[in-house]
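Here is the structure we will look at.
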Amino acid sequence: MSPGLPSQHRALVFETVEAGFQLKTIPTLQPIPGSAVVRIAAAGVLSYSREIYNGQRHYEFPKPIVGGFSAVGHVAALGPDAASLRPGQLVYVDCVVRGRDDPSALFLSAIHEGFSDGSRRLMRDVWRDGPMAEFARAPLENCIALDEARLCRGLGYSPLDLMYMCYLLVPYGGLRDIGLEPGETVVVCPATGGFGGAGVQVAVAMGARVIAMGRNESELARLKEHVTKGTPGANVETVKITGDDDTDTAALQACGTIDAVLDISPPAAAKSTYLKSAIRALRRNGRCSMMGYVMDFMPGVKVMGSNITLKGKLMYEREDMLQFVKMLESGLFPKGKEFVDTKAFGLENWKEGFDVAAEYTGVGRSVVFTP
Ligand SMILES: NC(=O)c1ccc[n+]([C@@H]2O[C@H](COP(=O)([O-])OP(=O)(O)OC[C@H]3O[C@@H](n4cnc5c(N)ncnc54)[C@H](OP(=O)(O)O)[C@@H]3O)[C@@H](O)[C@H]2O)c1
């Protein structure tokens, strides 16, 4: 038994879709080689966590399982092969778990088992439980060191607010993947959701001009106000999605040269035409990161005729996380409520937490469990 680790701890255990979650006391896992056990300060809740666990999304994962996604916490115990992490270190515990001998065997902690035998086996037998618990064991490489002195005491972020990284990292992965450069113009669509709003914040921090597309004009106005208040001088324009392909393309073209597009659509938007419009509005050699679910996006000969790059992207790479943390620590993001306004719930209030997370969405909003 590692010193500093209790023999048992509280965790949100998911048994079946019908039974939902139960707050249980379970044995605390010991660190094994290649792992860290983290005392969880904040476990992230997605806008669609409720849909994942009520079966609406049909995501496959083994059961029973401790729920989760990514988390922020302090290292409580380490496997013998930890080379740089130390007990007490603040870390971001990332939910993207990859096979060490095959990084394409990838799954999302307590969310989705992935699509290969290897990823399913890794999730079922090795890294099964998520971090909606007082303690969680994670692969060493998933524990990204955060400079607590700089981020919390210097820049004023709380560990709970740092959980907002889970939103920012996703669009950063896509934007970095298509090589977004400072000074370029990027369309984020849709921009009124959690990941889309974060995409606007990230693109601004990367030095880009942003055109934020969305259906909801009042949320677009809140987004623009939030981002420009947090980053005075940020160059953000908004374009309302009308649902008419030609109208939306023309509205984007009126904004001038467009270098890149970030799509972060939910399944509900699968039949939308706004992504097709955004691709039509791209300049020659333009790039599009496809992180969402729009299926109807091919705009005739445009892709071939204008040398367009369409690149799918799931989450981000470890390198992206390390680079992102450097940006955060260097002060490139807003502080205080202009960064994020976090709502926190105890594990016992899990139902309320999931319900609030489904509604409390968009830029600068985050819901966490505080075990
Ligand atoms: N590739 C990846 O690695 C990755 C990672 C994380 C998430 N995702 C995907 O990103 C999606 C968005 O997540 P989120 O947390 O940002 O969701 P969210 O906060 O619920 O936001 C959903 C967004 O989609 C818009 N929308 C919904 N239905 C639409 C429709 N029919 N037409 C146009 N816009 C529509 C909403 O606009 P309104 O404001 O008008 O309702 C809102 O902007 C998720 O569903 C997930 O599948 C992908």
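Just so it is clear, none of the values below were taken in a lab; they were calculated from the coordinates. Bear in mind the structure is a predicted one, so any value in this text is a computation, not a measurement. In this analysis, Cβ positions are derived from the backbone assuming ideal geometry, glycine residues included, and neighbour counts consider all displayed protein chains.
Brief remarks follow.
- For segment 81-86, backbone phi angles converted through the Karplus equation (6.51, -1.76, 1.60; θ = phi - 60°) give residue-by-residue couplings of 9, 5, 9, 10, 5, 10 Hz, Gly and Pro being listed as x.
- Amide hydrogen neighbours beyond the local backbone of Phe345, cut-off 5 Å, H modeled: Val368, Phe369, Thr370
- Take each peptide in 2-12, 155-165, count the other Cβ atoms within 10 Å of every residue, and average; sorted highest first, the result is 155-165, 2-12.
- Overall size of the chain from C-alpha positions, given as principal axis extents largest first: 64, 43, 39 Å.
- nm² value of the averaged projected area, convex hull over the Cα atoms of segment 131-247: 9.7 nm²
- Rg over Rh, two decimals, segment 169-312 (C-alpha only, Kirkwood Rh): 0.92
- Highest-first packing order for the peptide set 293-299, 13-19 is 293-299, 13-19, based on the mean count of other beta carbon atoms within 10 Å.
- Per residue, the convex hull volume that the Cα atoms of segment 1-144 enclose (Å³): 100 Å³
- Highest average packing first - 118-128, 195-205, Cβ atoms within 10 Å: 195-205, 118-128
- Rounded to the nearest 5, the antiparallel percentage of DSSP beta bridges internal to segment 169-312 is 0%.
- Distance from the C-alpha centroid of segment 8-31 to that of segment 44-71: 13 Å, rounded to the whole angstrom.
- Estimated translational diffusion coefficient (Stokes-Einstein, Kirkwood radius over Cα pairs, 10 °C, 1.306 mPa s) of segment 148-216: 125 µm² per second.
- Along its principal axes, segment 206-254 has C-alpha extents of 33, 22, 14 angstrom, given from the largest down.
- Which listed pairs, of Lys240/Lys326; Lys240/Lys271; Lys24/Lys326; Lys229/Lys326; Lys276/Lys326, have C-alpha distances above 28 Å, in listed order: Lys240/Lys326; Lys24/Lys326; Lys276/Lys326
- Per-residue HN-Hα couplings for segment 274-281 [Karplus 6.51, -1.76, 1.60; θ = phi - 60°; Hz; x = Gly/Pro]: 5, 5, 4, 4, 5, 5, 4, 7
- Karplus 3J(HN,Hα) series, Hz, for segment 358-371 with 6.51 cos²θ - 1.76 cosθ + 1.60 (x for Gly, Pro): 5, 9, 8, 10, x, 4, x, 10, 8, 10, 9, 9, 10, x
- Antiparallel %, DSSP beta bridges [both residues in the chain], to 5: 60 percent
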